[in-house]
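Q: One structure follows; several queries about it will come next.
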Amino acid sequence: MTETAEPYVNAGHAVDQVSLTFVAGSAPPVARNVTYERILGARSEPHNWLTYYGAYDGQRYSPLEQINTGNVRRLTPAWVFQCGSTGLQAGATTYSFEAAPIIVDGVMFVTGWDGWCWALDAATGQELWRYKHAIPFDVSLCCGNVNRGVAVAKGKVFYVTQNAHVIALDATNGKPVWDKTYGDVRAGESATVAPLIIKDKVIVGSSGGEFGVRGHLDAFDLETGEHAWRCYMVPKPGEPGSETWPKDGEAWARGGANCWITGTYDPELNLLYVGTGNPAPDFDGEVREGDNLYTDSLVAVDPDTGQIRFHYQYNPHDVWDYDSIAEHILFDLDGRKALAHFDKNGYGFILDRTDGQLIRVFPFVDRITWGEIDANGKVTPKVYPDKEGEPVHFWPGPAGGKEWTHAAYSPKTQLLYVPVQDVGATATRRRREFKEGIPYWGAGVAVDGEDMAGSVSAFDPRTGREAWRWRNDVPMCSSVLATGGDLVFAGKPSGEFIALNARTGELLWQFQCGSGHHSSPTTYSVGGRQYIAVPTGWGGWVEGFLPGMLGAPHGAGLFAFALPD
Amino acid sequence: MTIGVEKELAELGRQNGATIGRLLANGNLGRAEEGPDGRMHARIRIPPDELVWDPAVLILPHGGDLELELTNDDMNTHCALLPSNGDSQFIWLVNHSRGTASLNLDGPGYYWYGSPTGNDEGRGLIGAIVVMGDAPPEARLDRPPQPRP
């Protein structure tokens, strides 16, 4: 209907928003020759960061040593990539830049919140191309609008979207190659994980453990997107492990155990080590009596078939929201194939990764009141919300003595470096009826806003003893990075990016980035110059891990640091 | 306590009444039509002096491709930033102009669209595209049907 007889001005056809920028729209074909074999040998090309943890072993260690204890004081920003947002977005106040940047021969591939994926020139920060998946404004996000990064192989960039798609992009221009849905948003599922490439497959896990879903891991053919297998982390009645769920009812069908953090992989054993999330409802254990396998567990999966080979459950019958999704760092322990895991429950575990047998368990945070775990791994709960309407306070709170953000291991120092959160919480059990797509916690929870602390702590895996501790006045909520320069990098909630001496914990350098850190720094080199890259942007589940800093600046910047030219 | 509500609602339903601009969550609802090729089609218009999209809520029966015709019948210049997989779509809409946009959206869920110029969004020009339907069968959980709200 027109309001005037005058002909309309022809406004033309809408254009891609990126066409209104200086973005070139193309990147060099660096990803074309990224193969499974190259990812296997990732540490032999330290100028790159080829996969989520830098290598399949999850050590988050780079042998690069140009930046070292002797010169790190001269470290300075080389470039900054900023990405504010236009208009409304999902999780508008909870977005956070949580990715681990991937670098392939001078090109950085990184994701942001709300469906963003970028290719950047790793030496200059120049944006080369972008892909923006449209994310429904009303998607169910338990813990913020976040994404943890990409995988790269065979000329493609793989990432997941908050509405549970896994997408393959052409690494030279960001155009979609294939797009598959692997979660049901109406059931409360979402996706935040960085995919992992193993052989010819791209492997992704689901999010949504706070909505009473059934967690799963999925594999897709990396060339075609054809679905290869799905591995549910809660067994159906009659399957192994189903005896740990109530015999009657459908608690298993809402049982949680989501795999929302990338696994690690031992190619010799052909085992993928995946951590699983909390059971649902998080705090009301009475409706799901039993150990609730495979929630809060290490699950060793055959990546060819998706079959579970063995498991180790860290929190049988969890009622504290102690996801065990955190990384499993693979390392050699005096000739023994071992792995290390720092659980939300405040204990560090050293396991034999051939069979999941416990080697050592030790506390890594000062205050643990929920219960205790003895040297044999026996778990004794002490404090938990079992009475309706009665508040119960416990340490660590639901964010854990360590959250999802990652520890590191230096084969040079043979120490494990852990970002520690010492903060408690009060949970008051409140039973609720299950309804699909509605949060299913079974409690009201308030995390302490006072009386908290944090640290980056170094542990000797041979003894479980703390080698050193760098103390912070609030929890440390970012991943750490260890380098051949005998440095440990970490980000503070108050915005400082810091470098510590890997042997002593001495603070050697810091830079105020203007926004807190909740991401995973990586390192690489271009043209012989080493860079340290760190996404900043305070957000995500701040109310869960550091509510005392809910008012801190949000930010949306990716910093790259280097020594002066 | 309800005396005066209708008057206040009327004041909220126009520019420079109760509010300075136009309160959000105003406007009509419309539905996209599906063509024989499966592509959906819809028209969205900005009427004169109302600062509202018409329809402000556009319903799509399912995810997929949408062809939009956009008309600005207002006496001021606006624009549209529309959600679409790959990249958001932008178009200037000067006074008394008409243009088109091609969108691709997943379902289910709803998406915002708006006019990111001046403070058009704050003054009323935010709308929603609601995509109906379910996740594809292969993506759903293997479990018995569960109760929904």
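The values are calculated or read from the model by the stated rules, or taken from the named source; none is laboratory data. What you are looking at is a predicted structure, and each value in this text was computed from that prediction instead of being measured. In this analysis, Cβ positions are derived from the backbone assuming ideal geometry, glycine residues included, and neighbour counts consider all displayed protein chains. All accessible areas refer to the heavy atoms of the entire protein, side chains included, with ligands and DNA or RNA removed. Shrake-Rupley method; radii C 1.70, N 1.55, O 1.52, S 1.80 Å.
Q: Only one of B:S115, B:S97, B:S84 is crowded, with 18+ Cβ neighbours inside 10 Å and more than 8 Å from every other protein chain (Cβ to nearest Cβ); which?
A: Working: B:S97 fails: more than 8 Å from every other protein chain (Cβ to nearest Cβ); B:S84 fails: more than 8 Å from every other protein chain (Cβ to nearest Cβ).
From the options B:S115, B:S97, B:S84, the qualifying one is B:S115.
Q: Sticking with this structure for a sec: Within region A:185-256, considering only strands (runs of 3 or more DSSP E) that don't extend past its boundaries, which have at least 1 residues that are within 14 Å of chain B (Cβ to nearest Cβ)?
A: Result: A:201-205, A:216-221, A:227-232.
Q: Checking the structure you have, find out if any residue of region B:24-37 is assigned to a strand (DSSP E or B), of a type in the set (A, V, I, L, M, F, W, C) and open to solvent by less than 30 Å² (accessible area, probe 1.4 Å).
A: No.
Q: Name the single residue that is least open to solvent (accessible area, probe 1.4 Å) among those in region A:291-314 being among the aromatic types (F, W, Y) and under 22 Å from the mean Cα position of the chain (by Cα).
A: Here the residue is A:Y314.
Q: For region A:414-445: of the residues being touching a strand residue (DSSP E or B) at 6+ places or on another chain (Cβ under 8 Å) and not in a strand (DSSP E or B), which is farthest from A:R288 (Cα to Cα)? Break it down stepwise before answering.
A: From region A:414-445, those touching a strand residue (DSSP E or B) at 6+ places or on another chain (Cβ under 8 Å) are A:415-430, A:442-445; that's our starting set.
Those still in the list that are not in a strand (DSSP E or B) too: A:423-424, A:430, A:442.
Details: A:V423: 27, A:G424: 24, A:R430: 15, A:G442: 11 Å.
Taking the candidates together, the pick is A:V423.
Q: Now a separate question. Among the residues of region B:45-81, which ones are within 11 Å of chain A (Cβ to nearest Cβ) and open to solvent by 20 Å² or more (accessible area, probe 1.4 Å)?
A: Selection gives B:R45, B:P48, B:D49, B:D54, B:G63, B:E67, B:E69, B:M75, B:T77.
Q: Where the second residue is assigned to a strand (DSSP E or B) and surrounded by fewer than 23 Cβ atoms within 10 Å (Cβ to Cβ) and the first is of a type in the set (F, W, Y) and lies in region A:464-483, which pairs have Cβ atoms under 7 Å and are six or more apart or on separate chains?
A: Partner pairs satisfying both residue conditions: A:W470/A:L507.
Q: Related question: Would region B:45-60 turn up any residue that is without any contact (Cβ under 8 Å) to a residue 60 or more places away in the chain, over 16 Å from the mean Cα position of the chain (by Cα) and not in a loop (DSSP other than H, G, I, E, B)?
A: No, region B:45-60 has no match at all.
Q: Which condition from (1) in a strand (DSSP E or B); (2) at pLDDT below 95 is the one that A:V166 breaks?
A: (2)
Q: How about region B:127-137: which of its residues are more than 7 Å from chain A (Cβ to nearest Cβ) and open to solvent by 10 Å² or more (accessible area, probe 1.4 Å)?
A: Hits for region B:127-137 are B:A128, B:V130, B:M132, B:G133, B:P137.
Q: Among A:Y417, A:Y440, which is the only one that is more than 14 Å from every other protein chain (Cβ to nearest Cβ) and not polar (S, T, N, Q)?
A: Values: A:Y440 fails: more than 14 Å from every other protein chain (Cβ to nearest Cβ).
When all the criteria are applied, what remains is A:Y417.
Q: Which one is farthest from the other protein chains (Cβ to nearest Cβ) among residues in region A:11-47 that are open to solvent by 70 Å² or more (accessible area, probe 1.4 Å) and aliphatic (A, V, I, L, M)?
A: Step by step, filter region A:11-47, then rank; the result is A:L40.
Q: Restricting to region A:86-143, name every residue that is within 14 Å of chain B (Cβ to nearest Cβ), among the small types (G, A, S) and open to solvent by 10 Å² or more (accessible area, probe 1.4 Å).
A: A:G87, A:G91, A:A92, A:S140
Q: Can you tell me which residues in region A:169-183 are open to solvent by less than 10 Å² (accessible area, probe 1.4 Å) and either under 13 Å from A:V34 (Cα atoms) or part of a loop (DSSP other than H, G, I, E, B) (or both)?
A: Here is the first cut: in region A:169-183, the residues open to solvent by less than 10 Å² (accessible area, probe 1.4 Å) are A:169, A:171, A:174, A:182-183.
Scanning region A:169-183 gives A:A171, A:G174, A:Y182, A:G183.
Q: Filter region B:31-51 for residues that are modelled with pLDDT of 95 or more and touching a Lys or Arg at 6+ places or on another chain (Cβ under 8 Å) and give the result.
A: B:A42, the sole residue that qualifies.
Q: Just to be sure I understand, how many residues within region A:147-180 are more than 26 Å from A:G539 (Cα to Cα), within 13 Å of chain B (Cβ to nearest Cβ) and not aromatic (F, W, Y)?
A: Within region A:147-180, residues that are more than 26 Å from A:G539 (Cα to Cα), within 13 Å of chain B (Cβ to nearest Cβ) and not aromatic (F, W, Y) number 9.
Q: Applying the selection to region A:66-101, what residues are polar (S, T, N, Q) and under 19 Å from A:L563 (Cα atoms)? Break it down into steps so the answer makes sense when it comes.
A: Taking region A:66-101 and keeping what is polar (S, T, N, Q), we get A:66, A:68-69, A:71, A:76, A:82, A:85-86, A:89, A:93-94, A:96.
Answer for region A:66-101, where residues must be polar (S, T, N, Q) and under 19 Å from A:L563 (Cα atoms): A:Q66, A:N68, A:T69, A:N71, A:T76.
Q: In region A:56-82, how many residues are of a type in the set (G, A, S) and surrounded by 24 or more Cβ atoms within 10 Å (Cβ to Cβ)? Steps first, answer last, please.
A: Initial filter on region A:56-82 (of a type in the set (G, A, S)): A:58, A:62, A:70, A:78.
If we keep only those that are surrounded by 24 or more Cβ atoms within 10 Å (Cβ to Cβ) too, we end up with A:58, A:62.
Residues that pass the stated criteria total 2.
Q: Which ones in region A:525-563 are outside any strand (DSSP E or B) and modelled with pLDDT of 95 or more?
A: Answer for region A:525-563, where residues must be outside any strand (DSSP E or B) and modelled with pLDDT of 95 or more: A:G527, A:G528, A:T536, A:L563.
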